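> Handing you this structure, nothing more for now.
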Ligand code: GUN
């Protein structure tokens, strides 16, 4: 009698890993405050009233509260000029009671996103979007790493997925997600930024579909960050590969009028061949928020050290 061998990928539970990271942080922050430091402070600037951005910022502030980070959201109308926004950022840069600063993206069209990201002081740039932090990451130097790529790094590390000498495909080349993710994966583990030593192929909108399929079939890890449901199919995935899905798209649900979130991966089919897979929602999303909190604490500690040095510095 022949039995059908059924296989199912191990689920990478991003929510559980993010909760663990937040609990670890809560303890570290509590110790830090008990040593006489003031609690870390995170300020978010939200320009306009995009509902998705409002929800993201609200979730970040809730997470901050849960781990012991003080937070504040500055809400500005979508008519805010670029100069007004730059002025706000400059005040926060000079405010010693503020550690982390983030400007929720996207900003309205009349504001230049790059100018805004570069205006945030590199030492307070918890998003890691300032060109100094991007440049330092590209040079394998210690930097503030954007939260989503850092979340992917932590998911892989904590799940103990081997990366050294492995083949990784990153689908998507955005400057805030795809590019820094590829950077973390391909760089040297012996350098300051502790890369993952993989062989990385970056695919994007101009990669022909048959080439995308070939690259993916050769990959031990596929990381997709595009926002195209069904992009990664079962026939593109090597048996046992690890699949990390950063894509988020809202699609109509089963019930009329309802919607649901899906990733870039055909989850139900791909899980039959993959070794590990992240769900959407509940995979990379919660990790982004947890790593933003981790960046905020790192920044607070580093600024506190600088202050002590400045106050009692050498003669
Ligand atoms: N919009 C979407 N993702 C992000 C993020 O990680 N940081 C900021 N500031 N805005 C975003």
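Values quoted throughout were computed directly from the atomic coordinates according to the rules given, and no laboratory measurement underlies them. All figures in this text were calculated on a predicted structure; none of them were measured in a lab. With ideal geometry, Cβ positions are generated from the backbone for all residues, glycine too; neighbour counts draw on all protein chains shown.
> What fraction, in whole percent, of alpha-carbon pairs in segment 107-150 exceed 11 Å separation?
So the pairs more than 11 Å apart make up 63 percent of the total in segment 107-150.
> Return the whole-Å distance between the Cα centroid of segment 264-295 and the Cα centroid of segment 80-110.
Cα centroid to Cα centroid, the span is 31 Å.
> Checking the a/c ratio against 1.5 first, then a/b against b/c, what shape does the Cα gyration tensor give for segment 36-131? The partial results should precede the final answer.
Values: a/c = 1.97, a/b = 1.31, b/c = 1.51.
Oblate, since a/c reaches 1.5 and b/c is not below a/b.
> Among 192, 8, what is the fewest-to-most ranking by other Cβ atoms within 10 Å?
Ranked by crowding around the Cβ, least crowded first: 8, 192.
> What's the extension gain from residue 268 to residue 7 if we count 0.36 nm per residue and subtract their Cα-Cα distance? Show your work: numbers first, answer last.
On the way: separation 261, 0.36 × 261 = 93.96 nm, distance 1.19 nm.
Additional length available on full extension: 92.8 nm.
> Then there's this: Which value, to two decimals, describes the C-alpha radius of gyration of segment 239-312 once divided by 2.2 N^0.38 Å?
1.75
> Next question. Mind running the shape call on segment 99-246? Use the C-alpha gyration tensor, a ≥ b ≥ c as the square roots of the eigenvalues: rounded below 1.5 for a/c, prolate if a/b tops b/c, oblate otherwise.
Details: a/c = 2.34, a/b = 1.46, b/c = 1.60.
Because a/c hits 1.5 or more and a/b fails to exceed b/c, segment 99-246 counts as oblate.
> Oh, and also: Considering only DSSP beta bridges with both partners in the chain, what is the antiparallel share in %, to the nearest 5?
10
> Follow-up question, since we're still on this one. Specify the angular offset, from 0 to 90 degrees and rounded to the nearest 10, of the alpha carbon long axis of helix 147-158 from the longest principal axis of the alpha carbons in the chain.
60
> Over the chain, what portion of Cα pair distances is larger than 38 Å, expressed as a whole percent?
Cα-Cα pairs in the chain separated by more than 38 Å: 17 percent.
> In what sequence do 25, 105 fall when counting other Cβ within 10 Å, fewest first?
105, 25
> If you take the square roots of the eigenvalues of the alpha-carbon gyration tensor of segment 85-181 and sort them as a ≥ b ≥ c, do you get rounded (a/c under 1.5), prolate (a/b over b/c) or oblate?
Verdict is prolate for segment 85-181.
> From the helices alone, meaning DSSP H stretches of at least four residues, give me the mean residue ellipticity at 222 nm for the chain, per-run term -39500 (n - 2.57), in deg cm²/dmol to the nearest 500.
Helix-only estimate at 222 nm: -13000 deg cm²/dmol.
> What angle do you read, to the nearest 10 degrees and between 0 and 90, between the alpha-carbon axis of helix 51-67 and the longest principal axis of the chain?
Approximately 70 degrees, to the nearest 10.
> Something else now. Report the antiparallel proportion of the DSSP beta bridges in segment 160-315 as a percent, rounded to a multiple of 5.
Close to 20 percent.
> Let me ask something additional. Based only on other Cβ atoms within 10 Å, what is the fewest-to-most ordering of 251, 273, 226?
Listed from fewest to most nearby Cβ atoms, that is 251, 273, 226.
> For all pairs of alpha-carbon atoms in segment 1-78, what percent lies in each bin of width 5 Å, listed from the first bin to the last filled one?
3, 12, 16, 15, 13, 11, 9, 6, 4, 3, 3, 2, 2, 1, 0
> Relative to the compact globular guide of 2.2 N^0.38 Å, what is the alpha carbon radius of gyration of segment 163-315, as a ratio?
The value comes to 1.28.
> Can you tell me the orientation of helix 82-94 relative to the chain, as the angle in degrees between its alpha-carbon axis and the longest Cα principal axis, to the nearest 10?
The two axes meet at around 70 degrees.
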